[in-house]
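This report refers to the structure that appears directly beneath it.
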Amino acid sequence: MKNIIIEFKKILKWFQYQIRWSSDNKEAPTFRVKRFFILITFGFGLLILVIFIINIVIYLETKSYIYNDITDVPKAEVALIPGAAIFPNGALSPIFIDRVDMAIKLYEAKVVSKILVSGDNSTESHNEVNPVRLYLISQGIPDQDIFLDHAGFDTYSTMYRARDVFGVSSIIITTQLFHLPRSIFLAHQFGIEAYGINADMGHILFRNYVREVLANEKAFLDLIFHRKPKYLGEPIPITGDGRNYP
């Protein structure tokens with residue numbers, strides 16, 4: 001992973017140099033225009049190649065950590081539920097319900113002992129995590145074993161905060177197959193022992209996979225530039241009592 005990042009930075013620097021050289025050079029205008037279009041074509045081809053390589057690397061590095069059956073998943077400390085859409089009335093979207101129901105199955109099977117719900121609670125009117133907490137309690141999950149990450153604005157922030165705020169060391173990520181490789185990849189980059197279980201119950205659209213191709217590149221850039229989440233805050237030990245951290 002580190003070698004890939006180093007090579008990627010070298011390519012970026014070379015391309016930036018070529019652009020500056022083409023702009024500052026005193027050659028004939030026709031030649032400069034021709035060179036400029038050659039660089040643009042090369043840059044586009046390079047971009048497609050980089051997108052392909054990043055997606056392949058993420059897939060290959062995580063495929064052995066993805067499971068479809070609860071009985072096959074290694075035990076872990078926490079089931080992590082990534083955020084998803086909620087309806088204006090606070091009801092969970094079908095994709096979100098599938099993720100939560102899978103976490104419930106893991107908890108009931110004693111594969112995990114805690115559930116960490118991550119999502120966007122950036123405003124009072126948009127809260128992805130509290131409705132999940134209420135749903136979990138209604139399904140018999142003890143309140144003390146439910147933890148809420150109100151600032152899991154994206155998958156990168158979710159994994160970063162799982163490590164630095166909640167002190168998580170091992171997780172099983174309950175999300176759909178299109179989302180699992182990136183989630184597991186990021187968790188591993190933050191030193192978390194991470195596995196994933198497919199929570200796909202048939203509510204996936206083709207655009208989810210298309211979006212994920214580009215989301216992988218964003219995650220890669222976040223790692224390269226060591227982006228910090230918008231919020232970190234005081235530690236919330238996952239080994240504690242979730243009722244103390246509403």
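Quick notes on this structure:
- Residue match in region 85-106 (condition: at negative phi, among the hydroxyl-bearing types (Ser, Thr, Tyr) and over 21 Å from the mean Cα position of the chain (by Cα)): no
- When restricted to residues that are of a type in the set (Asp, Glu), closer than 23 Å to Ser157 by Cβ and either at pLDDT 90 or above or assigned to a loop (DSSP other than H, G, I, E, B) (or both), region 80-129 contains 3.
- Only one entry of Val57, Val112 meets the criterion of being within 22 Å of the chain's Cα centre (by Cα) and in the same structural domain as His179 (by TED's automatic domain parsing), and that entry is Val112.
- Listed by first and then second residue, the pairs with beta-carbon distance under 9 Å, at least 6 apart or on different chains, first residue in region 138-158 and assigned by TED's automatic domain parsing to the domain that holds Leu186 and on the phi > 0 side of the Ramachandran plot, second among the charged types (D, E, K, R) and outside any loop (DSSP other than H, G, I, E, B), are Gly140/Glu108.
- Test set (1) out of contact with any helix residue (DSSP H, G or I) (no Cβ under 7 Å at 6 or more places or on another chain); (2) modelled with pLDDT of 95 or more; (3) not acidic (Asp, Glu) - Phe42 fails condition number: (2)
- In region 219-229 there is at least one residue that is over 13 Å from the mean Cα position of the chain (by Cα), exposed (fewer than 13 other Cβ atoms within 10 Å of the Cβ), of a type outside the set (A, V, I, L, M) and closer than 25 Å to Leu148 by Cα.
- Boolean, Gly191 is free of Cβ contacts under 8 Å to residues at least 12 places away in the same chain and either within 21 Å of Ser93 (Cα to Cα) or in the same structural domain as Val168 (by TED's automatic domain parsing) (or both): no
This table checks each residue for (1) surrounded by 20 or more Cβ atoms within 10 Å (Cβ to Cβ); (2) farther than 20 Å from Ala109 by Cβ.
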position	(1), (2)
Ile146	yes, no
Arg182	yes, yes
His188	no, yes
Gly196	yes, no
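- In the set Lys34, Lys63, only one residue is assigned to a helix (DSSP H, G or I) and at pLDDT 75 or above; that residue is Lys63.
- Taking every residue in region 61-77 that is touching a residue at least 60 places away in the same chain (Cβ under 8 Å) and closer than 11 Å to Ile197 by Cα and pairing it with any residue that is in a strand (DSSP E or B) and small (Gly, Ala, Ser), at least 6 positions away or on another chain, the pairs with Cβ-Cβ distances below 9 Å are Tyr65/Ala194; Tyr65/Gly196; Ile66/Gly196; Tyr67/Gly196; Val73/Gly196; Pro74/Ser170.
- Taken over region 134-182, the criterion of being β-branched (Val, Ile, Thr) and either assigned to a loop (DSSP other than H, G, I, E, B) or within 16 Å of the chain's Cα centre (by Cα) (or both) is satisfied by Ile141, Thr155, Thr158, Val165, Val168, Ile171, Ile172, Ile173, Thr174, Thr175.
- Matching residues, region 134-167, being among the hydroxyl-bearing types (Ser, Thr, Tyr), farther than 19 Å from Ile192 by Cβ and in contact with a helix residue (DSSP H, G or I) (Cβ under 7 Å, 6 or more places away or on another chain): Tyr135
The values are calculated or read from the model by the stated rules, or taken from the named source; none is laboratory data. As the structure is a computational prediction, the values presented were derived from the model and not from experiment. All Cβ positions, glycine included, derive from the backbone under ideal geometry; neighbour counts span all protein chains shown.
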